[in-house]
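The values are calculated or read from the model by the stated rules, or taken from the named source; none is laboratory data. No experiment lies behind these values; they were computed from the predicted model shown. A quick note on method: Cβ atoms are made from the backbone with ideal geometry, for glycine too, and the neighbour counts reach across all protein chains shown. When the accessible area is computed, the model is the full protein with side chains, heavy atoms only, and any ligands, DNA or RNA have been set aside. Shrake-Rupley method; radii C 1.70, N 1.55, O 1.52, S 1.80 Å.
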2 protein chains.
Amino acid sequence: MSIDRPEIRSFQPPVRTLMGPGPSDVPPRVLSALARPTVGHLDPAFVGMMDELKTLLRYAFQTRNELTFPVSGPGSLGMETCFVNLVSPGDKVIVCVNGVFGGRMAENVRRLGGVAVVVEDPWGAPVDPAKVEEAFAANPDAALLAFVHAETSTGALSDAAALAAIARRHGALTIMDCVTSLGGVPVLLDEWGIDAAYSGSQKCLSCTPGLSPVSFSEAAVARIKGRQGACPSWFQDLGLVLGYWSGAKRTYHHTAPVNPLYGLHESLVILAEEGLEAAWARHRDNHLRLRAGLEALGMRFVVSEEARLPQLNSVWVPEGVDEAAARTRLLQEFGLEIGAGLGALAGKVWRIGLMGHSSRPANVALCLSALETVIKG
Amino acid sequence: MSIDRPEIRSFQPPVRTLMGPGPSDVPPRVLSALARPTVGHLDPAFVGMMDELKTLLRYAFQTRNELTFPVSGPGSLGMETCFVNLVSPGDKVIVCVNGVFGGRMAENVRRLGGVAVVVEDPWGAPVDPAKVEEAFAANPDAALLAFVHAETSTGALSDAAALAAIARRHGALTIMDCVTSLGGVPVLLDEWGIDAAYSGSQKCLSCTPGLSPVSFSEAAVARIKGRQGACPSWFQDLGLVLGYWSGAKRTYHHTAPVNPLYGLHESLVILAEEGLEAAWARHRDNHLRLRAGLEALGMRFVVSEEARLPQLNSVWVPEGVDEAAARTRLLQEFGLEIGAGLGALAGKVWRIGLMGHSSRPANVALCLSALETVIKG
């Protein structure tokens, strides 16, 4: 044996309060669900659970889309699943960029040989529908519009209904990132006419990270079926994945992540028990509590009030405060994780998440009290 | 709200004994690890766990490869990660096909615009090195050789050392599927000179499904770095993934599946505690027990003795037995899952797994006793 046996023991993670941009706090019910006995991915009991999962996701997304299921990987893979199935080489896609994740969408388009027409808005601002209208006027051959509903890098919420309506008027399909919005603010796929949407398990659904719920409209499915040439990704080819997630006879495609799916099921049962409207109201209420406290501490929000996400609060780091040292102290002294800035906002902002199970008065109180301690020295 | 709140309760899976082609039985220690508190994917404690995970994987793979980590998705995504990073349009790849998973490799090559030179062997037989030698003679410009070490669809083990040596003589890199072999029979990446390998968490490692350990040699990394044009997959681009899994400063790429990684860590700690040689011997011993019992029942193996995998036993369904009905009875009456045939072997064989935690005398005894009951009516 050329590599010796390592002396490594079981990992015992510290207990944290997760108030960054995700993962959020995972409720004990979801953690327990993860530890239930593993069954086979073709077991009739598991197939029944998959059907329930699709029903629960359709409720969360407010859609009747048949093709609604969780991709077996994190949100970034869900993003790629949308693009790799809908964008063929040469396709023109209008991509709205107002933060990190819009930029990642444009990168997806380019790597697939598509043409990304980028509509830029400042970081922290929502997508401006007027600019999207102009982009369609200048590019009448654009086949798709892609935008981020809730920019995780800034905390800005864009007007999805308005953006989807513009795309529809121009005969284009819409791809929406709702990683951070699903479960925290209204996400109404059918009412808005969204054709492809992807989310993540670890934000307002408060499951552990690693799964990406997606949903596709009939128009999106028709586009996928009418595609010229094979999808470049075997793993993400929806034509193949469908055989496992739908239909009378479930055909083996890949081995589904059995226990993580137990966790997602449980988190969606919890959401259905609470009810979407109640969950949205709770996110709003806790945001208002946090806002009052942050403003009392003299802190300012990055995003203007009308576009502010209740579940992701970006604030400017107060002058004279070492932002990284403050976060380290929050983590070490209080076990509290908040998020740093990304990209253009790195080093300048904190991102305070109130997502899913993390959106509780107790978390708000801990965060305000701990922040006051580290800011005031 | 256009979609009503569904009335769905928590999912309580049945307790099964998993003796199919994976997932295998998950030990209680791994299930408990999954339920430990979630921390952030950039938490210093988590980064320390990631480093241990890489060390543990290097032991399992018997490699010093720096680029060794678990892909955030199932084995099929690990496969695609190898191909999408190493195959550019026009590249010629010799692909050995002796079952379902070799065929999937060829499909990966074609979808990426590569040229797959297929070397075929009968289902149930190992890859014939002489045919691979001929394929290189006919295709001296082949850049890569791809083969499946342990064909999960048939239970045949191929001579990885011999195949990698042929590729090396012809200046080609080697991609090896060791999804079903890792932890059950020797997998010696460095000794054999394998350049890219992928495995799965849910076979002989006995973790839950959903993660794919991979490892890349320095030559493979050099090929990836020297690539012309961007990797078509943003999510799987190893140049980007590396920033998160390696180096002094960990850069956010995607949100890692935190709790599933706890589970993989625990399963690898268990493997290191037992020791690789002891694990291989245990797989062999339990295979011999099972073989004796199956032969006493008059059953015949699909694979000849010298190429037979101890951890995956393919046997012909006895004449006169309704194979699907027998499996259903095993599941319903005994809670025992065994595998059906895939592809060319569908309806004709059973695949009995003795992988990881499932490779125990108690499982062998249950399987033989239950099989006798359903076969003899």
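Overview of results
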item: Tally, over the range B:349-364, of residues that are of a type in the set (Val, Ile, Thr) and within 14 Å of chain A (Cβ to nearest Cβ); result: 1
item: Unique match (being at pLDDT 95 or above and of a type in the set (Val, Ile, Thr)) among B:VAL241, B:VAL317; result: B:VAL317
item: Qualifying residue in the range A:329-345 (condition: touching a residue at least 40 places away in the same chain (Cβ under 8 Å), in a helix (DSSP H, G or I) and either in contact with a His (Cβ under 8 Å, 6 or more places away or on another chain) or of a type in the set (Lys, Arg) (or both)); result: yes
item: All positions within the range A:239-261 that are of a type outside the set (A, V, I, L, M, F, W, C), within 9 Å of another protein chain (Cβ to nearest Cβ) and either without any contact (Cβ under 8 Å) to a residue 60 or more places away in the chain or not in a loop (DSSP other than H, G, I, E, B) (or both); result: A:HIS253, A:ASN259, A:PRO260
item: Where B:GLY124 falls short, out of the listed (1) surrounded by fewer than 24 Cβ atoms within 10 Å (Cβ to Cβ); (2) touching a residue at least 24 places away in the same chain (Cβ under 8 Å); (3) within 11 Å of chain A (Cβ to nearest Cβ); (4) not β-branched (Val, Ile, Thr); result: (3)
item: Filtered residues of the range A:217-251 (kept if among the hydroxyl-bearing types (Ser, Thr, Tyr) and open to solvent by 50 Å² or more (accessible area, probe 1.4 Å)); result: A:THR251
item: Given (1) open to solvent by 10 Å² or more (accessible area, probe 1.4 Å); (2) within 11 Å of chain A (Cβ to nearest Cβ), number of the condition B:LEU189 does not satisfy; result: (1)
item: Filter result (within 11 Å of A:PRO37 (Cβ to Cβ), within 7 Å of chain A (Cβ to nearest Cβ), touching a residue at least 12 places away in the same chain (Cβ under 8 Å) and surrounded by 15 or more Cβ atoms within 10 Å (Cβ to Cβ)) within the range B:8-21; result: B:ARG16, B:LEU18
item: Single match in B:SER24, B:SER88 (criterion: crowded, with 24+ Cβ neighbours inside 10 Å, more than 7 Å from chain A (Cβ to nearest Cβ) and in a loop (DSSP other than H, G, I, E, B)); result: B:SER24
item: Condition broken by B:ILE166, with the remaining ones in (1) over 11 Å from the mean Cα position of the chain (by Cα); (2) in a loop (DSSP other than H, G, I, E, B) satisfied; result: (2)
item: Sole exception among (1) closer than 30 Å to B:SER88 by Cα; (2) more than 7 Å from chain B (Cβ to nearest Cβ) for A:ASN108, by number; result: (2)
item: Leading residue by the ranking (nearest to B:LEU331 (Cα to Cα)) among those in the range A:27-50 that are more than 8 Å from chain B (Cβ to nearest Cβ) and in a loop (DSSP other than H, G, I, E, B); result: A:LEU42
item: Residue selected from the range B:55-75 under the condition assigned to a helix (DSSP H, G or I) and touching a helix residue (DSSP H, G or I) at 6+ places or on another chain (Cβ under 7 Å), by the criterion nearest to A:ASP4 (Cα to Cα); result: B:TYR59
item: Which listed residue, of B:GLU323, B:GLU274, B:GLU306, is modelled with pLDDT of 95 or more and over 24 Å from B:SER153 (Cα atoms); result: B:GLU274
item: A:ALA279 vs. criteria assigned to a helix (DSSP H, G or I) and in contact with a Lys or Arg (Cβ under 9 Å, 6 or more places away or on another chain); result: no
item: The range B:66-84 residues that are over 15 Å from A:PRO209 (Cβ atoms), paired with ones that are of a type in the set (Lys, Arg) and buried (at least 24 other Cβ atoms within 10 Å of the Cβ) (beta carbon under 9 Å, 6 or more apart); result: B:GLY75/B:LYS203
item: Residue within the range B:98-114 that is more than 28 Å from B:GLY243 (Cα to Cα), open to solvent by 20 Å² or more (accessible area, probe 1.4 Å) and outside any helix (DSSP H, G or I) present; result: no
item: Among the candidates B:PRO209, B:PRO140, residue that is in a loop (DSSP other than H, G, I, E, B), surrounded by 24 or more Cβ atoms within 10 Å (Cβ to Cβ) and of a type outside the set (Phe, Trp, Tyr); result: B:PRO209
item: The range B:215-238, residues that are closer than 18 Å to B:TYR252 by Cβ and not in a loop (DSSP other than H, G, I, E, B); result: B:LEU238
item: Hey, B:SER88 small (Gly, Ala, Ser) and more than 19 Å from B:ALA196 (Cβ to Cβ) or not; result: no
item: Residues located in the range B:272-313, provided they are touching a strand residue (DSSP E or B) at 6+ places or on another chain (Cβ under 8 Å), over 16 Å from B:GLY184 (Cα atoms) and either open to solvent by less than 30 Å² (accessible area, probe 1.4 Å) or polar (S, T, N, Q) (or both); result: B:LEU294, B:MET299, B:PHE301, B:VAL302, B:VAL303
item: Long-range neighbours under 7 Å by Cβ, at least six apart or interchain, first residue without any contact (Cβ under 8 Å) to a residue 24 or more places away in the chain within the range B:262-280, second open to solvent by 10 Å² or more (accessible area, probe 1.4 Å); result: B:GLY275/A:ARG5
item: Members of the range B:178-202 that are touching a helix residue (DSSP H, G or I) at 6+ places or on another chain (Cβ under 7 Å) and closer than 23 Å to B:PHE301 by Cα; result: B:VAL179, B:LEU182, B:GLY183, B:GLY184, B:VAL185, B:PRO186
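One line per residue, one yes/no per condition, for (1) under 20 Å from A:PRO13 (Cβ atoms); (2) within 14 Å of chain B (Cβ to nearest Cβ); (3) among the charged types (D, E, K, R):
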{"position": "A:GLY263", "(1), (2), (3)": "yes, yes, no"}
{"position": "A:ILE270", "(1), (2), (3)": "no, yes, no"}
{"position": "A:GLU319", "(1), (2), (3)": "no, no, yes"}
{"position": "A:ALA324", "(1), (2), (3)": "no, yes, no"}
{"position": "A:ILE338", "(1), (2), (3)": "yes, yes, no"}
{"position": "A:GLY347", "(1), (2), (3)": "no, yes, no"}
{"position": "A:LEU366", "(1), (2), (3)": "yes, no, no"}
{"position": "A:ILE375", "(1), (2), (3)": "no, no, no"}
